[in-house]
Amino acid sequence: MTRLISALRVLTASAAALLTVAATAPAARATAEPVAPKEFVALRTVAPTIIQEMRYLTPHNFVGEPVDGYRQPVCLVTRPTAEALRTAQRKLLRQGYSLKVYDCYRPQRAVDHFVRWAEDLQDERMKPEFYPRVDKSRLFADGYIAEKSGHSRGSTVDLTLVKLPALPTRPYRPGEKLAPCYGPKAERFPDNSVDMGTGFDCFDTLAHTDDPRVQGEQRANRQLLKSTLAGVGFTNLPEEWWHFTHKPETFPDSYFDFPVAWRSVMGN
């Protein structure tokens, strides 16, 4: 009888455990991460020859660490944006250039990460490269950081030009000595892009697309990028030579928060 009672107790405990799992399973599904609307695609599936160097997945950015929400090195954008980039790429390839994207769709959680970083005035580890002439306390007031980003709508990209054949860019080594983003190209962090006058994400007025101090080859490179993208429906942000938005936007009033990963657009 004692053995029977023990066996019944084991069965009762097992049943209770199963019921607990069953009860919590719907909650787990309810907290599953969001996926992208069907209008989003991975750029590589539409324009595979465009080079991708997704900076926010790495520590080589103004924050100095991988940014929240970036899981894989994949550029996600709305399909009209991807198709317009494909058209621009075909034109540039005939001229011996390729586009290279640094950032595409950006989840809201990444924007929130930027805001938290900007509010921490003690963290200036990347200042010597990305904002050497700007006081960190001015990043909000000067418009470098905001609580919302057009990137979260899926039609905005940060990109540059690369002269073909493209040479690889060496990886950033955390802790290495940093050089100002506005310095001569030979002194800046190495990048296989053409010389645009500053590096990507340079918080400096020299990064303004039509800054009169930028002349010669640097100005010609900026204008080639700007005119080529304008021809397929992109508008440049005047304060950043690398920032372009495809118009009309597919989601002009939406700010998404699905992660940057292949699974977010699986099946689109």
In Å, the C-alpha Rg and Dmax of the chain are 23.2, 96
The chain, Gaussian network, Cα under 10 Å: of GLN218, GLN122, GLN72, the residue fluctuating most is GLN122
Of the listed pairs LYS38/LYS136; LYS91/LYS136; LYS91/LYS127; LYS100/LYS185, those with alpha carbons more than 28 Å apart are LYS38/LYS136; LYS91/LYS136; LYS91/LYS127
Tilt, helix 216-230 to longest principal axis of the chain (alpha-carbon atoms), in degrees rounded to tens, equals 50
Quick calc, ARG125 & ALA230: beta-carbon distance into FRET formula, R0 51 Å, rounding 0.05, result 0.90
Largest-first semi-axes in Å of the equivalent ellipsoid built from the Cα gyration tensor of region 145-244 are 22, 17, 15
So the pair-distance distribution of region 53-185, from every Cα-Cα distance in 10 Å bins, comes to percents of 11, 36, 36, 16, 1
Simple SL model, points at 7 angstrom along Cα→Cβ for VAL134 and LYS148; separation in nm is 2.0
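Computed from the coordinates by the stated procedures, all read-outs in this text should not be read as laboratory data. Just so we're clear, the structure is a prediction, and the values are computed from it rather than from any experiment. Positions of Cβ are backbone-derived with ideal geometry, glycine not excepted, and every protein chain shown enters the neighbour counts.
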